[in-house]
Ligand SMILES: [Mn+2]
């Protein structure tokens, strides 16, 4: 039997995009840099004969040369595992690439040309061909695998590359019919950060996804794929979660909460403490909130530094102003005249059945009241009703 660990998109050196207190920036940066070590440990525990890295291993613009040196010595600790790397759009093989800065150990192959090349060998009686290519630029519009066919169908055929499963893309478009006509058993892909496995025309096509979440788009589980194979045509790919932290996005309805303490308690009721302190959170605050509460979102984030590893608070609530006294025609204050004018416009739009205008007027009214009463406007993605 043959075991393969497939990963991609580690992005070592990538600047962080989460809200993090100073010392946690270091912790998180190290967690991303050491992902490769955890993956190599996993390959060792599984006795995997092959480790595939489908590009964006590191950031050409930010990675430290010593990290790549360390990666090279790391691979020398698994001499029985063949390591294949296919550079992607974040670590292309430019003349000053860190891929060229080290002597990779004998078990490592870097696919260093923009056309597919092949490495043939045998593992436990299984003969296989690994094809791969490496990016040499930051942008690649040409569908480089168009017309590709494996040379020997009686072997296990693997294709390793960083590319985009889309018809039109500046990130090496990989068309479904190029896959179906290739005759390859397994496409080990990188680029899309969401893990997924599909069958396309008899080929198993897998995006390993980023093993650690890198931004708020990376919600949900992250890890690597473990592929087991008993011969050509008999292959199964299993997702193995491995990320140290998960990105979690939740909504919290503030409607009916009157005081700051109530809002604090609501935020602290999100999941249990262990998960709050481990994970990376985005909490969208929705609903209608008593304007007297005077929420200071930046202050709250610092206050909860011990409660959440990382916390982003997205204001999507509206302040629930009491419009009663403002629509009284006797009231001629600036606020009252502003509200009365907008109410008049809103009535006209309602009569015309213009629901879009009604929504815009509602939003304008709350923004205007924010400005007049709070001295600042809380921008929101949508207006909850
Ligand atoms: Mn990537």
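Its relative contact order, with pairs defined as Cα atoms under 8 Å and 6+ residues apart, puts the range 321-385 at 22 percent.
Neighbour counts of other Cβ atoms within 10 Å put 296, 9, 215 in the fewest-to-most order 296, 215, 9.
Exposure proxy ranking for 11, 178, based on other Cβ atoms within 10 angstrom of each Cβ and starting from the fewest, stands as 178, 11.
Note on residue 198/residue 41: beta-carbon distance plugged into 1/(1 + (r/R0)^6) with R0 of 25 Å gives a FRET efficiency of 0.35. Its residue count N fixes a reference of 2.2 N^0.38 Å for the chain, and the Cα radius of gyration divided by that reference is 1.28. Protection proxy ranking of 130-136, 284-290, by the mean of other Cβ atoms within 10 Å over each peptide's residues and highest first, is 130-136, 284-290. Computed from the Cβ-Cβ distance with R0 of 35 Å, the FRET efficiency linking residue 373 to residue 17 stands at 0.60. Each helix, a run of at least 4 DSSP H residues, gives -39500 (n - 2.57); summed and divided by the residues of the chain, these come to -7500 deg cm²/dmol at 222 nm. Counting every other Cβ atom within 10 Å of each residue's Cβ, 171, 366 order from fewest to most as 171, 366. Estimate the FRET efficiency between residue 69 and residue 330 by the formula 1/(1 + (r/R0)^6), using the beta-carbon distance for r and 51 Å for R0, to the nearest 0.05. So the FRET efficiency works out to roughly 0.05.
Take each peptide in 73-83, 218-228, count the other Cβ atoms within 10 Å of every residue, and average; sorted highest first, the result is 218-228, 73-83. Taking each residue as 0.36 nm, the span from residue 96 to residue 117 lengthens on full extension beyond its C-alpha to C-alpha distance by 5.4 nm.
Taken together, the values in this text are just the output of simple stated rules run on the coordinates, not laboratory data. Bear in mind that the values here come from a model prediction, so they are computed numbers and not experimental data. Cβ atoms come from the backbone with ideal geometry, glycine included; neighbour counts cover every protein chain shown.
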